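Would you mind keeping the following structure in view while I ask a few things?
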Amino acid sequence: VHAPEDFSILIPVVGIADLEFYKSDYHGSIGWDDLGYQRNKTGQLIVSKNTDTMIKKFSPYQNIDKMKSVPAIMSFVTSQDERVGPHQGYVITSALQKKFPDGNIFLLEQTGGHNARTEAAEEVAFVARIFGLTEIDSIFK
């Protein structure tokens, strides 16, 4: 998110935060195909100077120093994700907690792969807490 101040809350689910690391990581070797990058005949990602420049501008982790504020964040990672390793969530959450020690920045790890179901109850509870909702029963009716 390049304008986190425009949001009250973010809930990234198995999000890619460190694109610089991701391009060389096993997990990233799969994901770059989703982003339209090409490979050479041996299957290696074709990385150009333009690609590196784009990655550095786009990658949240590489741009933490530019962030002035962040909304409440609850990142979800899964322990056996075959597409986005859980370290992506660990790294960004840790860095954001260090930069914004008084922020509402949390990480929830679940067992499973990339398509593991997120825990809706945790998401609803987090949203309710951030927005000061005391009664959420009506959401479920």
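The values are calculated or read from the model by the stated rules, or taken from the named source; none is laboratory data. Keep in mind it's a predicted model, so treat the numbers as computed, not measured. Note that each Cβ is placed from the backbone with ideal geometry, even for glycine, and that neighbours are counted across all protein chains shown.
Regarding Gln110, is this residue free of Cβ contacts under 8 Å to residues at least 12 places away in the same chain and surrounded by 15 or more Cβ atoms within 10 Å (Cβ to Cβ)?
Judged against the criteria, Gln110 is not a match.
Another one. Evaluate the following for Ile139: is it of a type in the set (A, V, I, L, M, F, W, C), modelled with pLDDT under 75 and part of a helix (DSSP H, G or I)?
On the way: of a type in the set (A, V, I, L, M, F, W, C): yes; modelled with pLDDT under 75: yes; part of a helix (DSSP H, G or I): yes.
Answer is yes for this residue.
Still on this structure, please answer the following. Here are Gly89, Gly103: which of them is within 13 Å of Pro12 (Cβ to Cβ) and among the small types (Gly, Ala, Ser)?
Every option except Gly89 fails the conditions.
Which residue is modelled with the highest pLDDT, if the candidates are limited to region 14-35 and must be surrounded by 14 or more Cβ atoms within 10 Å (Cβ to Cβ) and touching a strand residue (DSSP E or B) at 6+ places or on another chain (Cβ under 9 Å)?
Ala17
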